[in-house]
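Read through the structure below, which is laid out as structure tokens, and then see the notes.
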Amino acid sequence: MKSSPALEAAYRNYLAATHLKPQVTALPEPQVSWTHFLEQVQTRTGPQENAFLISQSIPWFGKLKLRGEAASHQAEAARHRFEETRIKLVEEVALAWLDYAYLAKETTITDDSRDLLAKLVPITEEQIRTGAPLTRKLTLELALGRMESRLDDLSGRRTESSARLRAAMGESSAEAKPLPWPTLPEGDTSIDEDFADFARELRARHPLLAALDEEISKADSNARLAHKNAIPDPTIGANVIDIGGQGDTAAGIMIGFRIPLAFKKYRAERAEAVERKAAAEAKRADAETKLLAELTGAWERLLSQARTVKRYRSELLPAAEQIIEVSEASYRADSATIRDVIDDQREALDVRRNYWRAIADFHSAAIRLETLAGNPDPSLSLP
């Protein structure tokens, strides 16, 4: 969070918005004017030489308050936007970390599978010396070459995935070594929460919806202000006329109003404010609908991955481990071909890889659910 330029920008936008209210609630600047008569106007007590005027416009009752309310709502919306950016940042880092941790598991599994095949090399060479066809060795070497190619590809993906994680954390990845491999925990994939709880939390806490609520309140303040804008603001002041020739100085007070003749302008301003409020309400409703759709998708992914993990743990992983043991023993006893062993290894590799992919996807869905529910620290969902 300390290194994220996006979070810094959102925070600065919020701070900037907090300085808006004092600007819009301040009275207009008073005006001072001085007039020097080029041709003196003669009066009974002497010639008029100079005139001084000071005046102050005063907004009609309630106008400054409504402007302040609109500015306050704008600042609150900016604060919620900052919170939204912060939660998205945590989500982005968490998901990038999960992908990187899964890649570590995939690399380890592939490396273990390569080692299992490599252990068959001396057995195959002994079988060839006793009359087995040379194709066994060639087939095994081809499979090992494919494993090495796969490991090279995973090494390149590690550099890319590490750079993506560094970028999410606001770090430069130029000429940087890949981050150390993290450990992807299996964790507890049981689900205690209910979808209705997440939906209720989303409606109540999601910062985007809170920001749009503030936008609606701002539009409402502006709509009420538009109804007052046609009311003229009074201007009060005082003037002094300097009478030369030791005459009496003349002083007076004044009050003035502008004449609101632009009827179409004020009608249009009120209509615009009403439409902008309606647009803000529609935007909020649209955002809630889309967020609930995302929540539903994340919830279904969570349930699906939980079922997948359970199935792999109880059925597929034990079967895959047994297949590897039986296949290797059969090959040592020369009752299975090298192609059978390679196919069994590939099947077991896919099972183990898919299991850890399901683990990572389960945690990703849990992270997404937490951020949609407005959890300010969704990383706590990781075991």
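The values are calculated or read from the model by the stated rules, or taken from the named source; none is laboratory data. For clarity, every value in this text was computed on a predicted model and none was experimentally measured. Note: ideal-geometry Cβ built from the backbone for every residue, glycine included; neighbour counts use all protein chains shown. The protein model used for the area step is the full one, side chains on, heavy atoms only, and it has no ligands, DNA or RNA in it. Shrake-Rupley method; radii C 1.70, N 1.55, O 1.52, S 1.80 Å.
Below are the figures for this structure:
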{"item": "Area of Ser113 that stays accessible when all protein chains are in place (1.4 Å probe, Å², to 10)", "result": "0 Å²"}
{"item": "Over the range 165-254, relative contact order from alpha-carbon pairs under 8 Å, at least 6 apart, %", "result": "12 percent"}
{"item": "Surrounding net charge for Ser113, when Lys and Arg each add one and Asp and Glu each subtract one, Cβ distance under 13 Å", "result": "-3"}
{"item": "Cβ-based net charge around Thr25, under 9 Å, with every Lys or Arg adding one and every Asp or Glu removing one", "result": "+3"}
{"item": "The chain, helix-only ellipticity at 222 nm - DSSP H runs n ≥ 4, -39,500 (n - 2.57), divided by all residues, nearest 500", "result": "-23000 deg cm²/dmol"}
{"item": "From phi via Karplus (6.51, -1.76, 1.60), per-residue ³J(HN,Hα) for the range 295-310 in Hz, x at Gly/Pro", "result": "5, 4, x, 5, 5, 5, 5, 4, 4, 5, 5, 4, 5, 5, 4, 4"}
{"item": "For the range 138-212: rounded, prolate or oblate by the Cα gyration tensor [a/c cutoff 1.5]", "result": "oblate"}
{"item": "For peptides 267-279, 66-78, sequence by mean Cβ density within 10 Å, most packed first", "result": "66-78, 267-279"}
{"item": "Length-normalised contact order for the chain - Cα pairs under 8 Å, 6+ apart - percent", "result": "26 percent"}
{"item": "Residue-count net charge about Thr308 - beta-carbon cut-off 12 Å; Lys, Arg +1, Asp, Glu -1", "result": "+4"}
{"item": "Sequence ranges 362-370, 160-168, ranked by mean other-Cβ count within 10 angstrom, highest first", "result": "362-370, 160-168"}
{"item": "Residues in the range 227-267 reached by a label modelled at Thr35 [backbone nitrogen below 12 Å; 7 Å Cα→Cβ]", "result": "239-242"}
{"item": "The range 96-104 - phi-based ³J(HN,Hα) in whole Hz, Karplus 6.51/-1.76/1.60, Gly and Pro as x", "result": "5, 5, 5, 4, 5, 5, 5, 4, 4"}
{"item": "Order of exposure, largest accessible area first, which applies to Ser217, Ser3 with probe 1.4 Å", "result": "Ser3, Ser217"}
{"item": "Relative contact order (%) - criterion: Cα under 8 Å, at least six apart; region: the range 1-104", "result": "38 percent"}
{"item": "Solvent-accessible ranking of Ile231, Ile259, Ile243, largest area first, probe 1.4 Å", "result": "Ile259, Ile231, Ile243"}
{"item": "Equivalent ellipsoid semi-axes - Cα gyration tensor, the chain, angstrom", "result": "80, 23, 14"}
{"item": "For peptides 339-347, 36-44, sequence by mean Cβ density within 10 Å, most packed first", "result": "339-347, 36-44"}
